[in-house]
Amino acid sequence: MTRLNEIRELTRVRVVLFFREPEAIFWVFIFPLVLAAVLGFAFRSAGVEPSKVAVVQGEGIQRLLEAFQRDEDLDVEVYEDRQEAFDKLRKAAVDALIEPGDPPRLAFDPDRAEAATARLRVQRALTLAMDGGVDAPLGLEPVTETGSRYVDFLFPGLLGMNLMGTGMWGIGFAIADVRRRKFLKRLMVTPMRRSSFFLSFILSRLVFLFLEIVILASFGRWVLGVPFEGDLISFSIVCLLGAITFAGLGILVASRVRTIEGVSGLMNLVMMPMWLASGVFFSYERFPDAIHPVLRLLPLTGLIDALRAIMIDGESIWQQGPESALLAGWCVLTFLVALKIFRWE
Amino acid sequence: MRPAHRHVTPLRNDRVDAQTGIGSEIGNGDDVTVVARGLVKRYGDLVAVDGIDFQVRRGTCLGVLGPNGAGKTTTIEILEGLKTPDGGHVEVLGRSWSESRREIQERIGVQLQETEFQDKLTVLELLRMFRSFYREGSDIEEVVRTIGLLEKRRAQVKTLSGGQKQRLAVGCALLSRPEILFLDEPTSGLDPQARRRLWEVIETFKAGGGTVVLTSHHMEEAERLADDLIIIDHGRVIARGSPKAIIASLGAESVVQFSLAGADPRQLSDEELRTLQGVRSARYEGSEISLSVVRTQAAIAGLFKLIERRGLVLDDLHTHRPTLEDVFVSLTGKHLRDD
Ligand SMILES: Nc1ncnc2c1ncn2[C@@H]1O[C@H](COP(=O)(O)OP(=O)(O)O)[C@@H](O)[C@H]1O
Ligand SMILES: [Mg+2]
């Protein structure tokens, strides 16, 4: 009776405090939306951009412009001054620089994929113009269906990253703050049960989790058009498991630090590798094969892999055995260690 | 504030003895609420508490008076179960911390020296949270009224004044309907008016039969609130008894302080001053001389004659009844407060 009451009151206080912190609301609810929108937009049509080429005025320019005109993948800008055009090339504002002559000369940065593409396109346009030939026949199949766009890949990654960030920051900061204020010490002279204290953090986290997921998922579904192939129950269970795991990690990170600076540093240390290597923005398979097994052990990797499988491939939670087990394992481990080393004073 | 079956024993002030300590027999029954015997606490080489003994009788206030760093907080936190002593023994409400932690916690109320409440919680939210920890306790409305925050009950902590915050801290301690209230320097840093309002809250609690353990480095506070007092310095008790008895132990009727116009006070020797009629002892404090005096009139008359004979000019002279501060100065040679 007292037990339930104390858990309810502690949780209520956490929720109330969160909603009185405007910055927290921004980082949890607004920032991920902005990030998803911006990144989704920026990478909307990667690879189908026309190549931008600069052509310098000179003898024989007319022939070049005619050849390029027929190719819609070439976007031509004419410059009077070679130096000006060259500056554009250096800043990568154009992908290649062409000077008329016999033969014409092409300047480009061979390390940029866009420049290599521009070179091939220029070459092809000139070849076609020279012998008046046509392209070899090739059936083309543009792939634009949902589920294969970059934003479809990105969205589950952002969702996972957000579950990690809000869980760890929200809980880590709050714990460091009550310790710094000596409020934790004040609680220690009451009969409050320590388990209620931890439980209140988890429960308040679940309140935010619900709002967070509803807002983010609606945005993804209805604004970005991201697919939700899998069932809602699998999706919810994975989100819940991820949130609790990162809540545990947040408690662990904050279990001994006394200052806000201390907890910030430690948080970044723990989260940075996962931001980079767990496949939020690009697949972790781009890293060398040898370290894949290590990357797959990170909790964020497990969470994002499971979210992608459910959202994009329509799998169910039962097909995510290893990922779920990994998350559950992290969850149990972090809680056990955190309870053991937690500094109450 | 406790139900009536926990009866309040009448005070027995005559039992207090400035030399032998507060109460001689160890707590049997309901009379003694806190017993501390031979408490020792070390931090590395520093002995913060060095063998402190005392008892607190039900319905009384024990004051622990001492300068900063004397060991007051360490002592009271041992009583509150926050610190484990390296030596000695503590009993609270007849129980030990190691065996009956929760039970003791249910029955005491604590205000710590340094707690900072979350700025963005309201008075009621904070009280409601603390109330939820206790099986039985006070009515929140009643506590809000006792601490005089009725109008502020829906205000966030950040809008409270220093005095209101301290009263809120005491309010949180009252929610358990405690038998013993532990207060660690509850009024330090407050202006005189805010201080007095907090004293009233403490007196209300005491009037309801509650027991108080209070630390302070403020002698007026100790004189007003404490029935029994221990004065500590460097972790040791240097005086104990009722405030009256401790002051009486100085054996002085009054304290006479004066300075000399344009002259070093040491022009008058300690010997000359002490041998004046009615003077017990003298001490130099910067440009002032302070005399502990048994017969005020005779002493001042003698002092005037001495100054005139030496061709000196008196600058400023005042007398006051001896205070705890004077006792502390006479025992340690320093003041309780630096300010
Ligand atoms: N956690 C600690 N570690 C080391 N020294 C401490 C600690 N707490 C208190 N002290 C030292 O113990 C002495 C007594 O401190 P304290 O009990 O806080 O005194 P008071 O409350 O009378 O000002 C001081 O010298 C203080 O510096
Ligand atoms: Mg102190």
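Selection of segment A:221-240 for residues being surrounded by 15 or more Cβ atoms within 10 Å (Cβ to Cβ), in contact (Cβ under 8 Å) with a residue 40 or more places away in the chain and farther than 17 Å from A:Gly157 by Cβ yields A:Ser234, A:Ile237.
Going by the structure shown, is B:Gly51 more than 14 Å from chain A (Cβ to nearest Cβ), open to solvent by less than 40 Å² (accessible area, probe 1.4 Å) and closer than 26 Å to B:Ser249 by Cβ? Please lay out each step first, then the result.
Details: more than 14 Å from chain A (Cβ to nearest Cβ): yes; open to solvent by less than 40 Å² (accessible area, probe 1.4 Å): yes; closer than 26 Å to B:Ser249 by Cβ: yes.
Considered against the rule, which asks whether it is more than 14 Å from chain A (Cβ to nearest Cβ), open to solvent by less than 40 Å² (accessible area, probe 1.4 Å) and closer than 26 Å to B:Ser249 by Cβ, B:Gly51 comes out as yes.
In the set (1) farther than 19 Å from A:Gly250 by Cβ; (2) surrounded by 13 or more Cβ atoms within 10 Å (Cβ to Cβ), A:Ala328 fails one condition alone, (1).
Looking across segment B:60-77, the residues that are within 12 Å of chain A (Cβ to nearest Cβ) and either open to solvent by 10 Å² or more (accessible area, probe 1.4 Å) or out of contact with any Ser or Thr (no Cβ under 7 Å at 6 or more places or on another chain) (or both) come down to B:Thr73, B:Glu77.
With respect to the conditions (1) open to solvent by 20 Å² or more (accessible area, probe 1.4 Å); (2) at pLDDT 90 or above, A:Asp313 lacks only one, and its number is (2).
Taking every residue in segment B:209-237 that is β-branched (Val, Ile, Thr) and pairing it with any residue that is open to solvent by 20 Å² or more (accessible area, probe 1.4 Å) and within 14 Å of ligand 1 (Cβ to nearest atom), at least 6 positions away or on another chain, the pairs with Cβ-Cβ distances below 6 Å are B:Ile230/B:Val237; B:Ile231/B:Ile238.
Please work out if B:Gly81 is in contact (Cβ under 8 Å) with a residue 12 or more places away in the chain, in a strand (DSSP E or B) and more than 12 Å from ligand 1 (Cβ to nearest atom). Quick ask: steps written out before the conclusion?
Working: in contact (Cβ under 8 Å) with a residue 12 or more places away in the chain: yes; in a strand (DSSP E or B): no; more than 12 Å from ligand 1 (Cβ to nearest atom): yes.
No: the conditions fail for B:Gly81.
What are the residues in segment A:15-45 that are within 14 Å of chain B (Cβ to nearest Cβ) and surrounded by 18 or more Cβ atoms within 10 Å (Cβ to Cβ), if any? A:Leu17, A:Phe18, A:Ala24 - these are the residues of segment A:15-45 that are within 14 Å of chain B (Cβ to nearest Cβ) and surrounded by 18 or more Cβ atoms within 10 Å (Cβ to Cβ). Looking at this structure, is B:Ser161 closer than 24 Å to B:Phe133 by Cα and either more than 16 Å from ligand 1 (Cβ to nearest atom) or among the aromatic types (Phe, Trp, Tyr) (or both)? The answer is no for B:Ser161.
Put simply, of A:Arg63, A:Arg12 the only residue that is open to solvent by 70 Å² or more (accessible area, probe 1.4 Å), out of contact with any His (no Cβ under 7 Å at 6 or more places or on another chain) and more than 30 Å from A:Gly165 (Cβ to Cβ) is A:Arg63.
Regarding B:Glu106, is this residue modelled with pLDDT of 95 or more, more than 11 Å from ligand 1 (Cβ to nearest atom), touching a Lys or Arg at 6+ places or on another chain (Cβ under 8 Å) and within 9 Å of chain A (Cβ to nearest Cβ)? Yes. Scanning segment B:83-95 finds no residues that are within 9 Å of chain A (Cβ to nearest Cβ) and either surrounded by fewer than 17 Cβ atoms within 10 Å (Cβ to Cβ) or of a type in the set (Val, Ile, Thr) (or both). Selection of segment B:167-198 for residues being assigned to a helix (DSSP H, G or I) and in contact (Cβ under 8 Å) with a residue 40 or more places away in the chain yields B:Leu168, B:Ala169, B:Val170, B:Gly171, B:Cys172, B:Ala173, B:Leu174, B:Arg197.
Report yes if B:Gln111 is polar (S, T, N, Q), assigned by TED's automatic domain parsing to the domain that holds B:Phe205, within 16 Å of ligand 2 (Cβ to nearest atom) and touching a helix residue (DSSP H, G or I) at 6+ places or on another chain (Cβ under 9 Å), otherwise no. It is true that B:Gln111 is polar (S, T, N, Q), assigned by TED's automatic domain parsing to the domain that holds B:Phe205, within 16 Å of ligand 2 (Cβ to nearest atom) and touching a helix residue (DSSP H, G or I) at 6+ places or on another chain (Cβ under 9 Å).
For segment A:3-80, list the helices (runs of 4 or more DSSP H) that sit wholly inside it and hold at least 2 residues that are under 24 Å from A:Ala113 (Cβ atoms); which are they?
Numbers: elements: A:22-25, A:31-42, A:61-69.
Correct list: A:31-42, A:61-69.
A:Arg308 - would you say it is open to solvent by 20 Å² or more (accessible area, probe 1.4 Å) and either on the phi > 0 side of the Ramachandran plot or in contact (Cβ under 8 Å) with a residue 12 or more places away in the chain (or both)? Considered against the rule, which asks whether it is open to solvent by 20 Å² or more (accessible area, probe 1.4 Å) and either on the phi > 0 side of the Ramachandran plot or in contact (Cβ under 8 Å) with a residue 12 or more places away in the chain (or both), A:Arg308 comes out as yes. Output yes when any residue across segment B:114-124 is within 13 Å of another protein chain (Cβ to nearest Cβ), assigned to a strand (DSSP E or B), more than 16 Å from ligand 2 (Cβ to nearest atom) and modelled with pLDDT of 95 or more, and no when none is. The answer is yes, given that some residue of segment B:114-124 is within 13 Å of another protein chain (Cβ to nearest Cβ), assigned to a strand (DSSP E or B), more than 16 Å from ligand 2 (Cβ to nearest atom) and modelled with pLDDT of 95 or more.
Flag not set for B:Leu214, criterion: away from ligand 2 (no atom under 16 Å from the Cβ) and buried (at least 16 other Cβ atoms within 10 Å of the Cβ).
Of the numbered criteria (1) at pLDDT 95 or above; (2) within 16 Å of ligand 2 (Cβ to nearest atom); (3) not small (Gly, Ala, Ser), the one B:Asn68 fails is (1).
The rows are residues; the columns are (1) outside any helix (DSSP H, G or I); (2) open to solvent by 30 Å² or more (accessible area, probe 1.4 Å); (3) β-branched (Val, Ile, Thr).
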position	(1), (2), (3)
A:Val178	no, no, yes
A:Arg186	no, no, no
A:Phe198	no, no, no
A:Phe219	no, yes, no
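What are the pairs with Cβ atoms under 6 angstrom where one residue, in segment B:53-74, is over 20 Å from B:Asp326 (Cβ atoms) and the other, located anywhere, is open to solvent by 10 Å² or more (accessible area, probe 1.4 Å) and near ligand 1 (Cβ under 6 Å from one of its atoms)? Sequence gap at least six, or different chains. From segment B:53-74, the pairs are B:Gly71/B:Ala48; B:Thr74/B:Ala48.
Taking the conditions exactly as written (closer than 17 Å to A:Gly250 by Cβ and within 14 Å of chain B (Cβ to nearest Cβ)), does A:Phe197 satisfy them or not?
On the way: closer than 17 Å to A:Gly250 by Cβ: yes; within 14 Å of chain B (Cβ to nearest Cβ): yes.
Criteria met by A:Phe197.
The values are calculated or read from the model by the stated rules, or taken from the named source; none is laboratory data. Note that the coordinates shown come from a computational prediction; the quantities given were computed from them, not determined experimentally. Note that we place each Cβ from the backbone using ideal geometry, even for glycine, and neighbour counts take in every protein chain shown. All accessible areas refer to the heavy atoms of the entire protein, side chains included, with ligands and DNA or RNA removed. Shrake-Rupley method; radii C 1.70, N 1.55, O 1.52, S 1.80 Å.
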